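Structure first, commentary second.
Values in this text are rule-based calculations from the coordinates and carry no lab data. Note that this is a predicted model, so its numbers are computed, not measured. Cβ placement follows ideal geometry from the backbone for every residue including glycine, while neighbour counts extend to all protein chains displayed.
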Amino acid sequence: MPAGLQITKPHFVARDARPYLGIAATVTMQTIGDHADRLFPELFAWFAARGIKPAATSFIKYNFIGMSHGPEIEIAAPVEKAIAGDGHVKAGTLPAGRYATHRHFGGFDGLKTTTGALFDWISAQNLASDTDENSRWAARLETCHTDPLAEPDETKWETEVACKIAD
């Protein structure tokens, strides 16, 4: 486990459906951070140009991680009501349902450990994440509740990892 990483106990949370807007990208595990650093400001500039404010904290939505190509992600932010995108920025909806979630405190290098622990816990509950026939997640999210630009001390960073559970 990376130094300074602390993980809370996983638990279930019921969530309502939530519209969001996001920018999709196919990345590598090594370039997720670079894409986030570039695409979050791009997304927020798109919002600002249209007078839109995010309804809550932005997130990374993992759609697929396959052996043949890198992770497909969306850099996204929730909105109060469904809003049309423009092709580059796409509209989506996080589905309602039961989510397994927990938080970690520490740098982003600990997210792999935290995510693995969450999926191990889901399996230990005899449950599975909500995926389709192509192994695409309905909703697998990382939400950083700390702005790394405002808080340089990685030990104070708080990130929630959540995954929708299959019905």
Can you give me the relative contact order of the chain as a percent, contacts being Cα pairs under 8 Å and 6 or more apart? 31 percent
Bin width 5 Å, origin at 0, all Cα-Cα pairs of the range 18-94: what percent of pairs per bin? 3, 17, 29, 24, 15, 8, 3, 1
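Over the Cα atoms of the range 50-96, compute the convex hull volume and normalise it per residue, giving Å³.
Expressed per residue, the convex hull around the Cα atoms of the range 50-96 is 97 Å³.
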Loop trypsin sites (Lys or Arg not before Pro), the range 137-167 (other Cβ atoms within 10 Å of the site Cβ: 10 or fewer; DSSP): none
Tell me whether the range 89-167 comes out rounded, prolate or oblate; compute the Cα gyration tensor, take square roots of the eigenvalues as a ≥ b ≥ c, and use a/c under 1.5 as the rounded threshold. oblate
Note on the range 18-94: contact order normalised by length, alpha-carbon pairs under 8 Å, 6 or more apart, percent, works out to 51 percent
Scaled by the rule-of-thumb 2.2 N^0.38 Å, the alpha carbon Rg for the chain gives a ratio of 1.01
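Sort VAL13, VAL161 by Cβ crowding within 10 Å, fewest neighbours at the top.
On the way: VAL13 12, VAL161 23.
The most exposed by this proxy come first: VAL13, VAL161.
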Assuming a strict under-23 Å limit between Cα atoms, what lysine pair count do you get for the chain once near-sequence pairs (fewer than 8 apart, same chain) are dropped? 17
